[in-house]
Every structure is written in C-alpha cells, then in structure tokens.
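See below for the structure under consideration.
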C-alpha cells in the first residue's frame with residue numbers, strides 16, 4: 001500500500017516539474033522551422049530556460065513540490081524499515097526451523113537408542129547378567145590376587161622395618177651402655193679405696209655381667225681388701241667366661257700366695273706366663289708375690305720369664 005502511494009507521488013511530482021518545461025519547449029518550437037527544431041531542440045530549450053525573467057514555478061507550486069518530496073522520503077524510509085522487518089522475520093523463521101529440525105533429529109536419535117537398548121535388554125538379559133557375573137568374579141579374583149601381593153610386600157617391608165628398628169634400638173642401647181661403662185672405668189681409675197673400686201666394678205658388672213676384665217680387677221680390689229678367697233671365686237667366674245684369661249690366672253696366683261698355697265700359686269703363674277700376661281715381665285716386683293720369692297720353683301719361673309722375654313726381643 002505504501003509502495004503504491006510512493007510511486008503515485010513520484011509520478012505526480014515528475015509531471016509537475018516537467019510540464020512547464022514541455023510547455024515552454026512547445027511554444028518555442030512553434031516559432032522555428034521544423035528542420036531547425038530537430039537540429040537544435042535541446043540547445044534552444046536550455047537557452048529558453050536561461051532567458052527566463054520570472055520564476056518558472058509559483059511559491060505554492062514550490063511548497064507543494066517540497067511537501068511531496070518530504071512525504072516521498074518519509075514513505076521511502078518507512079518502506080525500508082518494512083523491508084528490514086520482513087528480512088528479519090524471515091531469518092528468525094529460518095533459525096526456528098533449523099533449531100526445530102535439530103531438536104527433532106536429536107530426539108529421534110535418542111528414541112532409536114532407547115528402543116535398541118530396550119530390545120537388547122529384553123532379548124539378551126540373561127547373557128548380559130552372566131557376562132556381568134563373570135566379569136565381576138574375574139575382577140574380584142584379580143583384585144584379591146593384587147591385594148594379596150601388596151599385603152605380602154607390605155608385611156615383608158614391615159618386618160624389615162621392625163628388624164631395623166630393633167637393631168637400631170639395640171645399637172643405641174649398646175652405645176649408651178658402652179658410654180656408661182667407660183665412664184665407670186674412668187671413675188674406678190680415680191678411686192683409691194678398694195671398697196669404692198669394688199662398688200664401681202659392681203656397677204660395671206650390673207651393666208655387663210660377662211665382663212671378664214671387670215671380674216679380674218674386682219678380684220684385684222678384693223686382694224687389696226685382704227679377701228683372697230673372694231678374689232679366687234671372682235677369678236674362677238672370669239675363667240668360666242674366658243678359659244685363657246691370663247690376668248685371671250695372675251690374680252689366682254696372687255690369691256693363693258696370700259693363702260700360702262705356694263704350689264697352686266706357681267701353677268697359676270705358669271699358666272699366666274703361657275697365656276701371655278704382659279705384667280709377668282714385672283711380676284718379681286709385685287708385693288702380692290713376695291711370699292714366693294724364696295721358692296726355687298719361683299726362681300726357675302723367673303728365669304724362664306727372662307729367657308722368654310729375651311727370645312721375643
């Protein structure tokens with residue numbers, strides 16, 4: 001409707017603009033010969049327009065033309081908006097159709113999948129159940145095997161860690177005990193009274209009952225306390241732990257000399273010499289062996305000790 005109105009207005013406006021020009025051209029053509037009009041029609045029309053003394057259109061006509069032009073522009077703008085609206089509506093309609101098509105396609109696809117799944121469930125339910133049970137049994141078996149292997153490895157690692165922890169604890173306790181025993185030996189070396197030495201040696205033996213050296217030094221302290229029989233018992237205990245302990249034999253010789261058991265004293269001195277007690281180089285100067293100095297056996301033993309020393313030198 002708007003398009004027809006716009007065309008009508010444009011046609012009327014064109015007639016209004018061209019009609020005066022056509023009239024002026026016709027009047028001029030009547031005054032010229034026919035052959036001249038054909039040759040210079042356009043040029044004469046231009047000259048006629050240029051020689052006009054008054055406006056070609058009246059104010060009313062110009063106003064009408066301007067109004068028509070304005071209305072024509074408004075109609076053209078409205079027509080453009082209408083065209084754009086129609087194009088937009090068509091695009092939206094096309095998009096709606098595409099979305100509807102895609103939605104229907106996806107829905108149909110899922111319907112097909114659901115139908116196929118239903119058929120499979122109805123037809124092969126037993127087979128699927130058996131397959132599921134077999135897969136579950138196999139998976140459970142493999143998992144148990146894997147768990148068992150890891151449990152064995154963890155148990156082995158735990159045992160190794162426990163053994164190492166025990167070994168570390170034992171070493172730590174041994175180190176602490178060794179430090180304590182060493183401190184007690186230093187303390188015993190600083191003590192001068194035999195009773196105090198015996199007390200320190202008892203502490204050492206409490207920490208290490210199989211310490212032969214502590215037993216023999218305790219026997220030495222017992223001899224200093226005038227307890228030769230006690231010293232003999234201590235040396236016998238040391239020899240039970242170490243049958244070739246030369247220091248124990250030497251202390252036995254000193255104890256038997258104190259008890260006037262000279263033969264036993266010479267016998268134990270000989271064993272001490274055989275087992276290589278370094279103190280036998282100076283045993284002639286030991287006051288504990290003073291009762292043996294008048295015995296020929298002691299002199300012979302002393303001579304043998306000097307000969308042995310010379311041979312080693």
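The values are calculated or read from the model by the stated rules, or taken from the named source; none is laboratory data. None of the values given here were measured: they were computed from a predicted structure. All Cβ positions, even for glycine, are placed from backbone atoms using ideal geometry, and neighbour counts span all protein chains on display.
Based on what the data block shows, is residue 64 surrounded by 11 or more Cβ atoms within 10 Å (Cβ to Cβ) and at pLDDT 65 or above?
On the way: surrounded by 11 or more Cβ atoms within 10 Å (Cβ to Cβ): yes; at pLDDT 65 or above: yes.
So residue 64 fits the description; yes.
Quick check, is residue 251 at pLDDT 85 or above, touching a helix residue (DSSP H, G or I) at 6+ places or on another chain (Cβ under 9 Å), in the same structural domain as residue 288 (by TED's automatic domain parsing) and closer than 27 Å to residue 178 by Cβ? It would help to see each step written out before you state the result.
Working: at pLDDT 85 or above: yes; touching a helix residue (DSSP H, G or I) at 6+ places or on another chain (Cβ under 9 Å): yes; in the same structural domain as residue 288 (by TED's automatic domain parsing): yes; closer than 27 Å to residue 178 by Cβ: yes.
Taking the combined requirement at face value, the residue satisfies it.
From the residues in region 79-121 that are touching a helix residue (DSSP H, G or I) at 6+ places or on another chain (Cβ under 8 Å) and farther than 30 Å from residue 132 by Cα, which one is surrounded by the fewest Cβ atoms within 10 Å (Cβ to Cβ)? So that I can check it myself, show each step before the final result.
Of region 79-121, the ones touching a helix residue (DSSP H, G or I) at 6+ places or on another chain (Cβ under 8 Å) are 79, 82, 120-121.
Retained after the next criterion (residues that are farther than 30 Å from residue 132 by Cα): 79, 82.
Values: 79: 14, 82: 12.
Going through the qualifying residues, I end up with 82.
One line per residue, one yes/no per condition, for (1) touching a strand residue (DSSP E or B) at 6+ places or on another chain (Cβ under 9 Å); (2) over 20 Å from residue 230 (Cβ atoms); (3) in a helix (DSSP H, G or I); (4) at pLDDT below 80:
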{"residue": "260", "(1), (2), (3), (4)": "no, no, no, no"}
{"residue": "263", "(1), (2), (3), (4)": "no, yes, yes, no"}
{"residue": "271", "(1), (2), (3), (4)": "no, yes, yes, no"}
{"residue": "279", "(1), (2), (3), (4)": "no, yes, yes, yes"}
{"residue": "282", "(1), (2), (3), (4)": "no, yes, yes, yes"}
{"residue": "299", "(1), (2), (3), (4)": "no, yes, yes, yes"}
{"residue": "311", "(1), (2), (3), (4)": "no, yes, yes, yes"}
